[in-house]
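J.: Before I ask anything, here is the structure I am working with.
The values are calculated or read from the model by the stated rules, or taken from the named source; none is laboratory data. This structure is a prediction, so every number in the text was calculated from the model and none was measured. Virtual Cβ from ideal backbone geometry, glycine too; neighbours counted across all protein chains shown. These area figures cover heavy atoms from the full protein model, side chains too; ligands, DNA and RNA do not enter into them. Shrake-Rupley method; radii C 1.70, N 1.55, O 1.52, S 1.80 Å.
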Amino acid sequence: MSKLAVYPGSFDPLTLGHLDIIERALDVVERLQVVVVHNPGKQPFFTLAERVQMVTDALIERGLMGRVTVDSLESGLLTSYASELGASVLIKGFRTGVDIEYELPMARVNRDLTGIETIFLPSDPANTHISSSLVKQVASLGGDITKYVPASVIRGFKAKA
């Protein structure tokens, strides 16, 4: 169990579903690098630095920073980043079959490019309805998001207000 895995995502914002995947990934790998990535197809609400800080704070609050580290990737191929890091596995969470349909072709291309495998972890049923997009929408309309995100994200939204 000496594998290093990379768990990429835009984490805009980090949700309790993301944290669940992080915690469960640690049952499979020894070390995990959470990588906050820039998604050119999305306009983020939080800056890359804000997202990295919220993820870091949430992991500290959960006592996970010993086996988990946080970084960011603004451009370039994730597989190149993971290879340079020495990672042998990518971790991807999925909520529904739609997520798998989106992620599976990328997993195949990633394996073709570098040989890095992707491990898919299903979302806990309690989290399948939680998405970063929905959290942002509820927050923007003044709704309570405390059941969906860690305290660091609540602080992040308050700082933006």
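J.: DSSP loop (so not H, G, I, E, B), at most 12 other Cβ within 10 Å: list which trypsin sites (Lys or Arg not before Pro) in region 118-161 pass both filters.
T.: For trypsin sites (Lys or Arg not before Pro) across region 118-161 that sit outside H, G, I, E and B with at most 12 neighbouring Cβ atoms in 10 Å, the list reads K147.
J.: Right, next: Hey, if you put +1 on the Cβ of every Lys and Arg and -1 on every Asp and Glu Cβ in region 106-161, which of N110, V149, S123 ends up farthest toward the positive end of that dipole?
T.: Farthest towards the positive pole: V149.
J.: Which residue, G143, G41, G93, has the most motion in a Gaussian network model of the chain that connects Cα atoms within less than 10 Å?
T.: Maximum among the listed residues: G41.
J.: Further question: For F46, F157, F120, give me the order by solvent-accessible area with a 1.4 Å probe, most accessible first, ignoring ligands, DNA and RNA. Walk me through the numbers on the way to the answer.
T.: Working: F46 5, F157 30, F120 55 Å².
Largest to smallest exposure gives the sequence F120, F157, F46.
J.: Sum up the charges of everything whose Cβ sits under 13 Å from the Cβ of T146, counting Lys and Arg as +1 and Asp and Glu as -1, but leave T146 out.
T.: Working: positive: K147, R155, K158; negative: D144.
Once all neighbours under 13 Å are counted, the net charge is +2.
J.: Counting Lys and Arg as +1 and Asp and Glu as -1, each charge on the Cβ, what is the dipole of the chain about the Cα centre in debye, to the nearest 20?
T.: Rounded to the nearest 20 debye, it is 260 debye.
J.: Find which of S140, F94, G76 sits farthest along the positive direction of the dipole of region 72-160, computed with +1 on the beta-carbon of Lys and Arg, -1 on that of Asp and Glu, about the Cα centre.
T.: Farthest towards the positive pole: S140.
J.: Could you check how much of the accessible area of the chain is carbon and sulfur, as a whole percent, using a 1.4 Å probe?
T.: It is 54 percent, rounded to a whole number.
J.: Now for a different question. Summarise the long-distance tail of P(r) for region 4-145 by giving the % of C-alpha pairs beyond 25 Å.
T.: Working: 2278 of 10011 pairs.
Cα-Cα pairs in region 4-145 separated by more than 25 Å: 23 percent.
J.: With contacts defined as alpha carbon pairs under 8 Å and 6 or more residues apart, what's the relative contact order of the chain in percent?
T.: This gives 30 percent for the chain.
J.: So with the 1.4 Å probe, I'd like the accessible area per residue for the chain, rounded to whole Å².
T.: Result: 53 Å² per residue.
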